[in-house]
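Before any comments, here is the structure.
The values are calculated or read from the model by the stated rules, or taken from the named source; none is laboratory data. Quick caveat: nothing in here was measured; it's all calculated off a predicted structure. Don't worry about glycine lacking a Cβ; one is built from the backbone with ideal geometry, like all the others, and counts go over all protein chains shown. The accessibility values were calculated without ligands, DNA or RNA, using every heavy atom of the protein model including side chains. Shrake-Rupley method; radii C 1.70, N 1.55, O 1.52, S 1.80 Å.
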Amino acid sequence: MTSAVTVLSSADPVRVFQDFATLDGLSNGRAEIIAGRGSFIESFPLFGYDLNDYEDLFNENIELLLKLRESEKVTWSGGHRPAIHNLGVYPRPVQDSIPVWIGSGGTQESAIRAGILGLPLVLAIIGGNPTKFAPLVELYKKAATHAGHDVSQLRVGSHSIGFVAEDTEKAAELFFPSTQYGMNKLGKERGGHITIVPAMTLPAALMVRCM
């Protein structure tokens with residue numbers, strides 16, 4: 001049980017850890033965290049952060065999040081939030097080490113970071129040919145190997161958007177108009193244009209994370 005991505009750059013790692021530890025307790029040890037820098041930047045001014053600190057914020061916050069995962073009491077200091085001096089953070093998750101993934105929209109920097117940290121990687125494949133993401137996976141593995149991690153123990157996953165219905169026509173009728181509108185609006189706001197078409201369907205409504 002997880003979010004599609006938690007935008008860790010503009011979120012408090014302590015609160016993120018507490019929220020997912022609570023979810024882990026409620027689900028009896030099935031929670032996972034997917035942390036990413038975020039392709040949307042609206043949250044930065046909303047919470048008073050400077051976009052010039054985009055990289056530093058994520059690097060500091062992932063460091064703190066991993067420290068919170070490692071031990072009950074934490075001592076940590078950084079440049080963007082108050083320091084923590086030997087304080088306990090509760091609740092603790094049911095799992096000994098709640099899984100933390102690095103979520104990426106397809107940047108080399110994110111793939112390399114995940115490899116260096118030895119964390120599993122999730123690629124958000126919102127559009128385009130999935131095979132184009134293969135070089136990022138190879139880059140991820142090379143970075144992990146260089147950092148001394150056992151690549152065979154690391155996982156790679158992908159996010160993709162989909163809608164399944166009783167037949168293709170019903171799926172297109174329900175899913176396509178609003179999704180096309182939203183994606184095209186997003187494309188125009190970001191200086192491009194996105195055209196999507198209906199895909200194959202199955203008998204149910206479902207959004208899937210393929211591992």
Review point. How do the pairs read when you match residues in the stretch 44-59 that are open to solvent by 50 Å² or more (accessible area, probe 1.4 Å) with residues anywhere that are part of a helix (DSSP H, G or I), using Cβ under 6 Å and keeping only pairs 6 or more apart or on different chains?
Key: F47/S10; Y49/S10; L51/F44
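So, R69, is that one of a type outside the set (A, V, I, L, M), free of Cβ contacts under 8 Å to residues at least 60 places away in the same chain and buried (at least 20 other Cβ atoms within 10 Å of the Cβ) or not?
Numbers: of a type outside the set (A, V, I, L, M): yes; free of Cβ contacts under 8 Å to residues at least 60 places away in the same chain: yes; buried (at least 20 other Cβ atoms within 10 Å of the Cβ): yes.
It is true that R69 is of a type outside the set (A, V, I, L, M), free of Cβ contacts under 8 Å to residues at least 60 places away in the same chain and buried (at least 20 other Cβ atoms within 10 Å of the Cβ).
I want to confirm something. Restricting to the stretch 4-43 and keeping residues that are over 12 Å from the mean Cα position of the chain (by Cα) and of a type in the set (K, R), which single residue is surrounded by the most Cβ atoms within 10 Å (Cβ to Cβ)? If you could, list the steps in order and put the result at the bottom.
In the first step, residues of the stretch 4-43 are kept if they are over 12 Å from the mean Cα position of the chain (by Cα); the result is 10-31, 40-43.
Now drop any that are not of a type in the set (K, R), which leaves 15, 30.
Values: R15: 10, R30: 13.
Applying the filter and picking the extreme gives R30.
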Review point. In the set L68, L51, L87, which member is of a type in the set (A, V, I, L, M, F, W, C), over 16 Å from the mean Cα position of the chain (by Cα) and at pLDDT below 95?
Key: L51
Check your understanding: If you go through the stretch 54-91 one residue at a time, how many are in a helix (DSSP H, G or I) and hydroxyl-bearing (S, T, Y)?
Key -> 1
**Study point:** the stretch 149-190: number of residues that are part of a strand (DSSP E or B) and either open to solvent by 90 Å² or more (accessible area, probe 1.4 Å) or hydrophobic (A, V, I, L, M, F, W, C) (or both)
**Key:** 1
Point to revise | Residues satisfying the stated conditions in the stretch 6-31, i.e. within 15 Å of F44 (Cβ to Cβ) and hydrophobic (A, V, I, L, M, F, W, C) | key: V7, L8, A11
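Kindly establish whether V94 is farther than 24 Å from I161 by Cβ, open to solvent by 60 Å² or more (accessible area, probe 1.4 Å) and either touching a residue at least 12 places away in the same chain (Cβ under 8 Å) or out of contact with any strand residue (DSSP E or B) (no Cβ under 9 Å at 6 or more places or on another chain) (or both). Can you show your working first?
Details: farther than 24 Å from I161 by Cβ: yes; open to solvent by 60 Å² or more (accessible area, probe 1.4 Å): yes; either touching a residue at least 12 places away in the same chain (Cβ under 8 Å) or out of contact with any strand residue (DSSP E or B) (no Cβ under 9 Å at 6 or more places or on another chain) (or both): yes.
Taking the combined requirement at face value, the residue satisfies it.
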